[in-house]
Amino acid sequence: MLVFKTQKTLKDFINKAKSTGKQIGFVPTMGALHNGHLSLIKASLEANDISLCSIFVNPTQFNDSNDLKNYPQPLEKDLALLESLGCQAVFTPDMDEIYPKEDLVIPNYDLGILDTILEAAHRPGHFQGVAHIMTLLLNLVEPHHLYMGQKDFQQCMVIKHLLKQMDSDTHFNMMPILREDDGLAMSSRNQRLNEFERAKAGLLYQVLVSIKAKQGMQDFSIIQKENIELLEHKGLKVDYLSLVDAETLETYDNFKEDRPLAVVIAAHLGNVRLIDNILL
Ligand code: AMP
């Protein structure tokens with residue numbers, strides 16, 4: 001497996017691969033890889049000649065400095081996992097390769113309402129940081145296929161929006177959410193849950209499944225109120241539990257038959273913020 005630390009060496013490799021007709025699949029990550037990440041790599045390996053995974057904990061997308069400080073970074077373990085899958089290339093730049101002289105002031109990206117609603121309302125600046133690193137990576141790699149997880153549903157929409165603005169030919173693949181046995185969506189942050197928090201964390205998914213089952217049988221506002229109360233009673237602090245349009249992310253007060261819908265949720269459990277969603 002080739003490990004690149006600089007944009008220049010990665011670009012040379014990509015250019016050479018493309019000049020010989022190789023198809024490139026790209027999986028951007030922040031490392032601390034789990035089976036969810038690995039499912040994206042596997043999908044890329046199946047469909048492309050060369051799969052590239054990037055591992056970079058991007059500081060500008062963290063609105064909470066404690067979250068950044070506590071973000072796990074087991075790089076050697078991650079590299080061993082990628083190697084064992086047969087991933088051909090990894091990009092693990094150091095901080096100053098991406099942000100020279102620690103200059104963390106980034107341009108403003110036009111993300112429309114995606115930059116003000118749901119996750120954006122609770123994590124100011126988050127999607128600006130995501131847009132910045134993804135613009136850099138997409139311009140660098142210009143992959144044939146990009147693989148990202150439905151777990152970060154709003155992020156998927158932000159990246160689709162960026163690709164459109166860039167007039168990119170990259171094919172966007174939104175991959176299903178991998179879950180633990182109790183339904184908890186796999187996440188690098190889950191390892192920061194203590195034993196008691198972990199025992200409650202599956203509730204998020206149980207709530208989503210029960211809402212999906214009640215679709216159309218009751219007003220969403222009633223279901224929403226009941227489930228927020230249930231979660232808060234169990235000690236979770238809910239940022240939002242919303243019914244949204246699965247294509248535009250517009251929030252709806254009630255179920256609609258003529259639109260693709262999703263339910264999205266974000267809640268704090270102890271010091272960990274969890275997000276999840278389900279397509280209806
Ligand atoms: P991250 O390292 O958290 O930036 O995640 C890298 C990619 O893995 C993103 O596209 C995520 O949406 C995706 N991902 C994270 N968790 C999961 C999961 N449980 N199942 C599938 N994909 C995931």
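The values are calculated or read from the model by the stated rules, or taken from the named source; none is laboratory data. Model, not experiment: these values are computed from the prediction. Note: ideal-geometry Cβ built from the backbone for every residue, glycine included; neighbour counts use all protein chains shown.
Of the residues examined, Val27 is not one that is among the β-branched types (Val, Ile, Thr), surrounded by fewer than 20 Cβ atoms within 10 Å (Cβ to Cβ) and not in a loop (DSSP other than H, G, I, E, B). Taking segment 40-55 as the range and being outside any helix (DSSP H, G or I) and of a type in the set (A, V, I, L, M) as the test, the residues that pass are Ile50, Leu52, Ile55.
Looking at segment 59-119, the helices (runs of 4 or more DSSP H) lying wholly inside it that each contain 3 or more residues that are surrounded by 11 or more Cβ atoms within 10 Å (Cβ to Cβ) and in contact with a Leu (Cβ under 7 Å, 6 or more places away or on another chain) sit at 75-85.
For segment 191-229, a residue qualifies if it is among the aliphatic types (A, V, I, L, M), in contact with a helix residue (DSSP H, G or I) (Cβ under 8 Å, 6 or more places away or on another chain) and over 17 Å from Ile275 (Cα atoms), and exactly one does: Ile223.
Of all residues in segment 173-224, exactly one satisfies the criterion of being within 13 Å of the ligand (Cβ to nearest atom) and among the aromatic types (Phe, Trp, Tyr), namely Tyr205. It is to be established whether one or more residues within segment 3-12 are of a type in the set (Phe, Trp, Tyr), within 14 Å of the ligand (Cβ to nearest atom) and not in a helix (DSSP H, G or I). No - not one qualifying residue is present in segment 3-12. His37 is checked against (1) more than 30 Å from Glu119 (Cα to Cα); (2) out of contact with any helix residue (DSSP H, G or I) (no Cβ under 7 Å at 6 or more places or on another chain); (3) part of a helix (DSSP H, G or I) and fails just one. What number does that condition carry? Every condition holds for His37 apart from (1).
When segment 234-280 is filtered for residues that are within 13 Å of Phe153 (Cβ to Cβ) and small (Gly, Ala, Ser), the ones remaining, listed by number, are Ser242, Ala246, Ala262, Ala266.
Test Lys151 against the stated conditions and say whether it is free of Cβ contacts under 8 Å to residues at least 24 places away in the same chain and among the basic types (Lys, Arg). Let's see the steps before the verdict.
Values: free of Cβ contacts under 8 Å to residues at least 24 places away in the same chain: no; among the basic types (Lys, Arg): yes.
When the stated conditions are applied, Lys151 does not pass them.
Only a single item in (1) over 27 Å from His34 (Cβ atoms); (2) over 19 Å from the mean Cα position of the chain (by Cα) is not met by Leu79, and it is number (1).
Sort out which residues of segment 129-149 are crowded, with 20+ Cβ neighbours inside 10 Å and either assigned to a helix (DSSP H, G or I) or touching a His at 6+ places or on another chain (Cβ under 6 Å) (or both), and write them in order of number. Within segment 129-149, Val130, Ala131, His132, Ile133, Met134, Leu137, Val141 meet the criteria.
Can you pull out the residues in segment 14-31 that are farther than 17 Å from His145 by Cβ and either modelled with pLDDT under 95 or aromatic (Phe, Trp, Tyr) (or both)? If you could, list the steps in order and put the result at the bottom.
Looking only at segment 14-31, we keep the residues that are farther than 17 Å from His145 by Cβ, and these are 15-16, 19-20, 30-31.
Answer for segment 14-31, where residues must be farther than 17 Å from His145 by Cβ and either modelled with pLDDT under 95 or aromatic (Phe, Trp, Tyr) (or both): there is none.
Pairing residues of segment 89-100 that are touching a residue at least 24 places away in the same chain (Cβ under 8 Å) with residues that are in a strand (DSSP E or B), at Cβ distances under 6 Å and at least 6 apart in sequence or on separate chains, gives Ala89/Leu2; Ala89/Leu52; Val90/Val3; Val90/Cys53; Phe91/Phe4; Phe91/Ser54; Thr92/Ile55. Of all residue pairs spaced 6 or more apart or on separate chains, those with beta-carbon atoms under 6 Å, a first member in segment 161-181 that is within 16 Å of Ala47 (Cα to Cα) and a second member that is part of a loop (DSSP other than H, G, I, E, B) are Thr170/Pro143.
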